[in-house]
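**Student:** What follows is a single structure, and I will ask about it in a moment.
Derivation of every value follows stated rules applied to the coordinates shown; laboratory data play no part. Remember, predicted model here, so these are calculated numbers, not experimental data. Note that each Cβ is placed from the backbone with ideal geometry, even for glycine, and that neighbours are counted across all protein chains shown.
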Amino acid sequence: MRDLFDVPDEVELDVAPAVLPVWTVTELAAKVKARVEAGFGSVVVQGEISGGKLHSSGHFYFDIKDAGAVINGVAWRSTVSRWAKVPANGTLVVVKGKLTTYAQRSSYQILADSMEPAGLGALMQQLEELKQRLMAEGLFDASEKRAIPLLPKRIGIITSPTGAVIQDMLHRIADRCPREVVLWPVAVQGTGAAEQVAAAIEGFNALPDATRPDVLIVARGGGSFEDLMPFNAEVVVRAVAGSAIPVVSGVGHEPDVTLCDFAADIRAPTPSAAAEMVVPVREDLLYGLTLTQRRMRQTMVGQIAELRQRLAYMQRLLPDPRRQVVQAGQRLGELDERLRKLVPQRVNLARERLEAMARVLAAHGPDVPLARGYVYLTRDGQPLRSANAEAGAMTIHFKDGQREGTLA
């Protein structure tokens, strides 16, 4: 009798039988978990909520089922906090999340990232397509965003005239730094709401400069996905993007995001936060002004001190004018002394030279030969130098006078 380990005689084994690895339960569960998560990644499942329970920790545990199967699911507290409400059992929903396993029960489950009523799936797809189209047109470009004025003179608010939203915004503005507020009342949900919001934006832009606001706030409180739909409308998005006045979007609460937020110059998480963004605290402005004045004063004091140092340095480089005057006076005195000595010397020297020249002149003057008995002859004041001169009258000059004569 053969057992499972008997090998037929006619079979020859050329290779040793394969040895399968031995897993621990934990190792195998981890391997399955890795294969499931890697193989599926993110999934979108439509089904009916069953056995839903909101735990005290804030996590929501549920089953999602249809006629043929059931899958366990969990939404962590951080995800649940973004929901307007927890879906009731029996609600048909679309869940987006990651497929994973739960080793302790050898089961698999979906970790929900989002959960919407099933009827919203197509609408969300349409919004995504609209978002991509408007983005391609440049309506959401960061380069097109306008700066919010530091201290607007006039604020335009587009929201419902009733309810807590407008009252809270007015209180925030009044408490921080009172400004002029102009309300353009509109419906913020339901039929015609989108057109009213767009018309309000265009209406504010059409006002004359004297009454036009410096900044606009588009606001409404939180609500369901359907409640916020007017602020996803293309007409509103285009009005916001085309506004010449800077626009702050304060629609819904922190988790809520609308296409209006993408087109606005600044997105605020709530209407109250939008009011705070456009109006600074008056005390902060005064404090900032004081700091600026202090810095300017310190800068001026520093610049004056630097100029004084430079002036002192230049004064050290420049000669002392009083010393220059003293030195010039000393030099003038020296020159005066030299002049006083030099002038008499020059005068005496000139006198001596003049006397010598007088003596020479006296020794060689025309009267000297006359004193020795010589005479000289002139005719008409001109000396006669030749014996061949023409005959005629002449003057004979002696030492003691002259006589007239005739040259024959």
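**Student:** Under the rule of -39500 (n - 2.57) per DSSP H run of 4 or more residues, summed and divided by the residues of the chain, what mean residue ellipticity at 222 nm is obtained, to the nearest 500 deg cm²/dmol? If you can, show how the numbers build up before the last one.
**Tutor:** Values: 11 runs with 169 residues, N = 408.
Calculated from helices alone, the mean residue ellipticity at 222 nm is -13500 deg cm²/dmol.
**Student:** Let me ask another. Size of the dipole of region 25-120 about the Cα centre, Lys and Arg at +1 and Asp and Glu at -1 on the beta carbon, nothing else charged, in debye to 20? Intermediate results must be reported in sequence, preceding the final value.
**Tutor:** On the way: 11 positive and 7 negative charges, 46 e Å.
Value, rounded to 20: 220 debye.
**Student:** Along each principal axis of its Cα atoms, how long is region 155-283 end to end? Whole angstroms, biggest number first, please.
**Tutor:** 40, 32, 25
**Student:** Ok, one more. Taking the Cα centre of region 130-174 as origin and charging only Cβ (+1 Lys, Arg; -1 Asp, Glu), how large is the dipole, in debye to the nearest 20?
**Tutor:** Working: 7 positive and 4 negative charges, 24 e Å.
Here the size comes out at about 120 debye.
**Student:** May I ask you to sort Ile217, Ile71, Ile396 by Cβ crowding, counting other Cβ atoms within 10 Å and putting the fewest first?
**Tutor:** Numbers: Ile217 26, Ile71 18, Ile396 14.
With the sparsest Cβ surroundings first, the list reads Ile396, Ile71, Ile217.
**Student:** For region 160-205 and region 75-153, what is the separation of their Cα centres, given in Å?
**Tutor:** 27
**Student:** In a shell of Cβ-Cβ distance under 9 Å around Glu180, excluding Glu180 itself, what net charge do Lys and Arg (+1) and Asp and Glu (-1) give? Walk me through the numbers before you get to the answer.
**Tutor:** Working: positive: Lys153, Arg154, Arg179; negative: none.
Neighbour charge sum, excluding Glu180 itself: +3.
**Student:** For the chain, what D do you get in µm² per second when you plug the Kirkwood radius from alpha-carbon pairs into Stokes-Einstein at 25 °C and 0.890 mPa s? Numbers along the way, then the final one.
**Tutor:** Numbers: Rh = 33.5 Å.
Rounded, D is 73 µm²/s.
**Student:** In terms of Cα to Cα distance under 15 Å, which aspartates and glutamates are near enough to Lys153, apart from those fewer than 8 places away along the same chain?
**Tutor:** Glu180, Asp209, Asp214, Glu276
**Student:** Which value in Å does the Kirkwood hydrodynamic radius of region 223-329 take, with 1/r averaged over all unlike C-alpha pairs and then inverted?
**Tutor:** Numbers: mean 1/r = 0.0513 Å⁻¹.
About 19.5 Å for region 223-329.
**Student:** Using Cα centres only, tell me the gap between region 312-339 and region 225-285 in whole Å.
**Tutor:** When both Cα centres are located, 79 Å separates them.
**Student:** Still on this structure: By a straight-distance test (C-alpha under 29 Å), which lysines pair with Lys98 as possible cross-link partners, with residues fewer than eight away in the same chain excluded?
**Tutor:** Correct list for Lys98: Lys31, Lys33, Lys53, Lys65, Lys85, Lys131.
**Student:** What is the dipole size for the chain, taken about its Cα centre, with +1 at each Lys and Arg Cβ and -1 at each Asp and Glu Cβ, in debye to the nearest 20? Mind showing how you got there, number by number?
**Tutor:** Values: 47 positive and 47 negative charges, 848 e Å.
With Lys and Arg at +1 and Asp and Glu at -1, about 4080 debye.
**Student:** How big is the Kirkwood radius of region 25-120, worked out from every pair of different alpha carbons and given in Å to one decimal?
**Tutor:** Working: mean 1/r = 0.0727 Å⁻¹.
Evaluated over region 25-120, this radius sits at 13.8 Å.
**Student:** Now for a separate question. Could you list Val44, Val25, Val95 in order of exposure, starting from the residue whose Cβ has the fewest other Cβ atoms within 10 Å? Provide the component values of the computation, followed by the final result.
**Tutor:** Working: Val44 12, Val25 9, Val95 24.
Ascending Cβ contact count within 10 Å gives the list Val25, Val44, Val95.
**Student:** Can you give me the orientation-averaged projected area of the convex hull built on the Cα atoms of region 310-408, in nm²?
**Tutor:** Working: hull surface 56.4 nm².
Quarter of the Cα hull surface area: 14.1 nm².
**Student:** Now for a different question. Using only the Cα atoms of region 367-407, what semi-axes does the equivalent ellipsoid have when each is the square root of 5 times a gyration tensor eigenvalue? Give whole Å, largest first. Intermediate values should be presented prior to the final figure.
**Tutor:** Numbers: eigenvalues 70, 23, 13 Å².
Equivalent-ellipsoid dimensions as semi-axes: 19, 11, 8 Å.
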